[in-house]
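Please read the structure below before turning to the comments.
The values are calculated or read from the model by the stated rules, or taken from the named source; none is laboratory data. Worth saying up front: this structure is predicted, and the values here are computed from it rather than measured. Note that each Cβ is placed from the backbone with ideal geometry, even for glycine, and that neighbours are counted across all protein chains shown. Accessible surface areas use protein heavy atoms only, side chains included; no ligands, DNA or RNA. Shrake-Rupley method; radii C 1.70, N 1.55, O 1.52, S 1.80 Å.
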Amino acid sequence: MQELKEKIEKYGTVLPGNVLKVDAFLNHQVDTDLMYKVGQEFAKHFADQGITKIWTVESSGIAPAVMTGLAMHLPVIFARKHKSLTLNNNMFTADVYSYTKKTTNRISISKKYVEAGEKVLLIDDFLANGQAVEGMMEIADQAGVQVAGAGIVIEKSFQPGGKELRDKGVEVYSLAQIKSLEDGQVEFV
Ligand code: G4P
Ligand code: NA
Ligand code: NA
């Protein structure tokens, strides 16, 4: 998505540890016109597949997920994140390890908002090691829900998440794919 790449080039900064900071339009301040187009792009790509709901993980996945839900006229669920050990019978849960933050969070989705026979689209802001998407897939598995695929705003293609998911047969659609952040430079695939 050309406009997204331009925003990354203009406003993105590279932090040590191969982290791309995009607080100007995605992770803190949200560029709503851009995010609206992101939602439309995911809606177009995943159209006509019988998708019934959008899933994401709080907090940074919410903006692109809500825009996708708006474009597809579908509800959006954001999995809640807790420190591990939170147990609740009314929730589906999965543990998600963050390589970036070196912490494990338990993500949960209330059983109240999941119905048998659903087909969900997973949306997230970043795909790096794939742990957030894997966590949502684990929950979908527990819930007996089908996964249509994953819509990702920015994929860090030099990290293993995208390849691992595609190797498993997951349809991963990323709007910007970053090949390298070496020497503070953003290089797209
Ligand atoms: P993974 O989900 O793909 O495995 O990601 P990883 O463990 O590597 O990263 C953990 C968190 O850091 C995730 O956010 C992920 O979106 C974010 N992240 C990873 N690489 C980058 C990057 O280069 N830039 C930015 N801005 N974020 C990155 P999270 O912990 O779920 O936090 P939240 O922001 O959604 O609340
Ligand atoms: Na995220
Ligand atoms: Na994030």
Would you check if residue 89 is within 13 Å of ligand 3 (Cβ to nearest atom), over 14 Å from residue 150 (Cα atoms) and at pLDDT below 95?
no
Would you check which residues across the stretch 80-119 are touching a helix residue (DSSP H, G or I) at 6+ places or on another chain (Cβ under 6 Å) and among the aliphatic types (A, V, I, L, M) and list them?
94, 96, 107, 109, 114
From the list 164, 182, exactly one residue is within 14 Å of ligand 1 (Cβ to nearest atom), more than 21 Å from residue 78 (Cα to Cα) and exposed (fewer than 15 other Cβ atoms within 10 Å of the Cβ). Which is it?
182
Could you list, in sequence order, all residues of the stretch 5-59 that are over 18 Å from the mean Cα position of the chain (by Cα) and among the basic types (Lys, Arg)?
7, 10
Tell me, which residue of the stretch 53-75 that is touching a strand residue (DSSP E or B) at 6+ places or on another chain (Cβ under 6 Å) and farther than 17 Å from residue 25 by Cα is nearest to ligand 1 (Cβ to nearest atom)?
57
The condition from (1) of a type in the set (Val, Ile, Thr); (2) part of a strand (DSSP E or B); (3) within 30 Å of residue 9 (Cα to Cα) that residue 100 misses is numbered (2)
Being of a type in the set (A, V, I, L, M, F, W, C), within 16 Å of ligand 2 (Cβ to nearest atom) and touching a residue at least 40 places away in the same chain (Cβ under 8 Å) narrows 143, 94, 128 down to just 94
Expected output for the stretch 23-45 (first residue of a type in the set (Ser, Thr, Tyr), partner open to solvent by 10 Å² or more (accessible area, probe 1.4 Å), Cβ below 9 Å, 6+ apart or cross-chain) is 32/63; 32/67; 36/67; 36/70; 36/71
Among the residues of the stretch 119-133, which ones are aliphatic (A, V, I, L, M), open to solvent by less than 10 Å² (accessible area, probe 1.4 Å) and either near ligand 1 (Cβ under 6 Å from one of its atoms) or part of a loop (DSSP other than H, G, I, E, B) (or both)?
127
